[in-house]
1. Could you go through the stretch 161-166 in sequence order and give the Karplus-derived ³J(HN,Hα) for each residue, using 6.51 cos²θ - 1.76 cosθ + 1.60 with θ = phi - 60°, rounded to whole Hz, and x for Gly and Pro?
2. Amide H of GLU110: which non-local residues (sequence gap of 5 or more, or other chain) have their own amide H closer than 5 Å, using H built in the peptide plane?
3. Please list the three semi-axes, largest first and in whole Å, of the ellipsoid equivalent to the stretch 216-286, using sqrt of 5 times the eigenvalues of its alpha carbon gyration tensor.
4. Mind listing the long-range amide H neighbours of ALA239? Cut-off is under 5 Å, sequence gap 5 or more, other chains count too, H placed in the peptide plane at 1.01 Å from N.
5. List the trypsin sites (Lys or Arg not before Pro) in the stretch 1-78 that DSSP assigns to loop (not H, G, I, E or B) and whose Cβ has at most 16 other Cβ atoms within 10 Å. Which are they?
6. Residues of the stretch 200-236 with the amide nitrogen closer than 13 Å to a label point 7 Å from the Cα of ILE192, along Cα-to-Cβ, please.
7. 5 Å is the cut-off here: which amide hydrogens, built 1.01 Å from N in the peptide plane, fall below it relative to LYS158, excluding neighbours closer than 5 in sequence?
8. How large is ³J(HN,Hα) for each residue in the stretch 232-244, as worked out from phi by the Karplus curve 6.51 cos²θ - 1.76 cosθ + 1.60 (θ = phi - 60°), to whole Hz, x for Gly and Pro?
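The values are calculated or read from the model by the stated rules, or taken from the named source; none is laboratory data. Worth saying up front: this structure is predicted, and the values here are computed from it rather than measured. Here the Cβ is made from the backbone with ideal geometry for all residues, glycine too, and neighbour counts use every protein chain on show. Just so you know, the surface numbers come from the protein's heavy atoms only, side chains and all, with ligands and any DNA or RNA stripped out. Shrake-Rupley method; radii C 1.70, N 1.55, O 1.52, S 1.80 Å.
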Amino acid sequence: MSDKIGIVLEGGAMRGMFTSGVLDVFMENGITFDAAVGVSAGATFGCNFKSKQIGRAIRYNLKYAHDKRYCSFHSLITSGNLYNADFCYNVLPNRLDLFDYEAYAGNPMEFYVVVTDAETGKTLYKKLEDCREKDMLWMRASASMPLVSRPVEIDGGKFLDGGITDSVPLEYFESIGYARNVVVLTQPRDFIKQPPKILPLMKIILRKYPKIIEAVTMRHLRYNKQREFIFSREKEGKALVICPEKALGISRTEKDTNELKRVYEEGRAVAMKRLNEIQEFLGAAL
């Protein structure tokens with residue numbers, strides 16, 4: 001097949017357990033892509049797809065869900081980040097549940113993350129070569145949700161969650177040559193994003209970053225337009241969309257391990273149900 005094939009991974013914090021279930025089924029069935037792009041949780045959980053670590057994302061989320069070093073108001077108060085940066089991007093991958101850097105670097109699939117420049121409000125797309133220290137900063141920035149995260153400083157710039165400006169970067173992937181893509185969404189097909197209810201609070205807390213406020217204000221319009229584009233591409237046979245059959249009903253910062261496991265299993269179930277369809281789309285042998 002001449003077309004380069006990509007996979008696009010939406011974020012959504014702990015809705016990303018759905019994506020983890022989908023990706024584990026893909027790995028178990030030898031489904032691969034030329035490149036992947038992840039946004040926020042799509043990046044932090046999706047990197048395990050390139051390192052070929054089946055079950056890692058659900059494993060460490062279940063084990064450390066109630067650990068105050070992982071995600072807690074204690075971390076938010078003491079560090080400015082709800083998800084503790086040192087624990088998530090150093091202690092966890094380097095000591096507690098080892099990330100396979102060699103497998104990551106050795107996998108020819110390219111892996112991109114999406115971030116938002118906090119000062120310009122523009123989107124940046126970064127290819128992560130080895131997922132080590134510098135790459136981890138970009139990964140962290142992609143998942144740094146406004147209000148509960150400090151901007152990540154990299155090379156003199158300040159960056160936040162990529163989902164603020166490009167939640168589902170299918171258009172970007174097409175622009176760099178990936179003509180056919182699987183898109184993993186964490187909201188059902190009938191979802192319509194509404195304006196943020198906490199915008200007044202965001203305008204106060206993010207007043208140093210007016211471009212971010214502008215981007216957040218327009219995000220729901222941009223997101224809904226993106227979804228229209230994604231489903232139009234699916235009708236044309238250029239994309240295949242994997243998404244929950246109904247709203248996942250899980251908190252963005254869920255700590256209930258039963259809920260995390262439930263959403264992960266929903267991802268697995270949807271992937272298994274559509275496995276033949278996915279293989280046909282990718283041109284794989286049944």
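1. Taking θ as phi minus 60°, the curve returns 2, x, x, 4, 10, 8 Hz for the stretch 161-166.
2. ALA35, ALA36
3. 25, 23, 7
4. Here the answer is ASN181, GLU234, since their amide H atoms fall under 5 Å of that of ALA239.
5. Working: sites: LYS4, ARG15, LYS50, LYS52, ARG56, ARG59, LYS63, LYS68, ARG69; in loops: LYS52, LYS68, ARG69.
Passing both the DSSP loop test and the Cβ count: LYS52, LYS68, ARG69.
6. Flagged as within label range: 221, 224-225, 228.
7. So LYS158 has HN proximity to ALA118, GLU119.
8. My calculation for the stretch 232-244 gives 5, 5, 5, 4, 7, x, 9, 9, 10, 9, 10, 8, x Hz in order.
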